[in-house]
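Presented below is the structure to which this report refers.
The values are calculated or read from the model by the stated rules, or taken from the named source; none is laboratory data. Treat the numbers as computed from the prediction; the structure is a model and nothing was measured. All Cβ positions, even for glycine, are placed from backbone atoms using ideal geometry, and neighbour counts span all protein chains on display. For the accessible areas, the whole protein counts, side chains as well, though only heavy atoms, and no ligand, DNA or RNA atoms are used. Shrake-Rupley method; radii C 1.70, N 1.55, O 1.52, S 1.80 Å.
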Amino acid sequence: SEGGSIPTTEISKVEFAEGMDILTVLQKSNLVPSRSEGRRLIQQGGIKINDEKITTIDYLITEKDFDDNTLMIQKGKKVFHRIQLI
């Protein structure tokens, strides 16, 4: 499966207990070099989580966003990144 080719970042479940804002998640997964770059991407509609376009920079990711402890982030058209809860 092509699943093996998608880069994955593992983050502890504990960190999502209170939710983690989208910009922090983007930085932790090295998808953006800075929060300002993350903001710009979101404002341009360039970030999707599980195929849903994220439209607010304050979006909080919580455990309920995960399916089977996995969440998929899409940046632009071609960059995919998996977040794995551990």
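When the Cα positions of 34, 71, 6 are compared along the charge dipole of the chain, 34 comes out farthest toward the positive end, with charges on each C-beta of Lys, Arg, Asp and Glu. Shape class for the chain: oblate, because the ratio a/c of the largest to smallest gyration tensor axis (alpha-carbon atoms, square roots of eigenvalues) is 1.5 or more and b/c is at least a/b.
Placing unit charges on each Cβ (+1 for Lys and Arg, -1 for Asp and Glu) gives the chain a dipole about its Cα centre, and among 16, 80, 44 the Cα reaching farthest toward its positive end belongs to 44. For segment 63-77, backbone phi angles converted through the Karplus equation (6.51, -1.76, 1.60; θ = phi - 60°) give residue-by-residue couplings of 4, 6, 6, 8, 10, 6, 6, 10, 9, 10, 9, 10, 10, x, 8 Hz, Gly and Pro being listed as x.
Contact order for the chain, expressed relative to its length and based on alpha carbon pairs under 8 Å spaced 6+ residues apart, stands at 38 percent. Taken per residue, the accessible surface of the chain reaches 61 Å², heavy atoms only and a 1.4 Å probe. Near residue 59, the amide H atoms lying under 5 Å from its own belong to 22; only residues 5 or more places off or on other chains count, and H is placed 1.01 Å from N. For the chain, the share of accessible area belonging to carbon and sulfur comes to 46 percent (1.4 Å probe, ligands and nucleic acids excluded).
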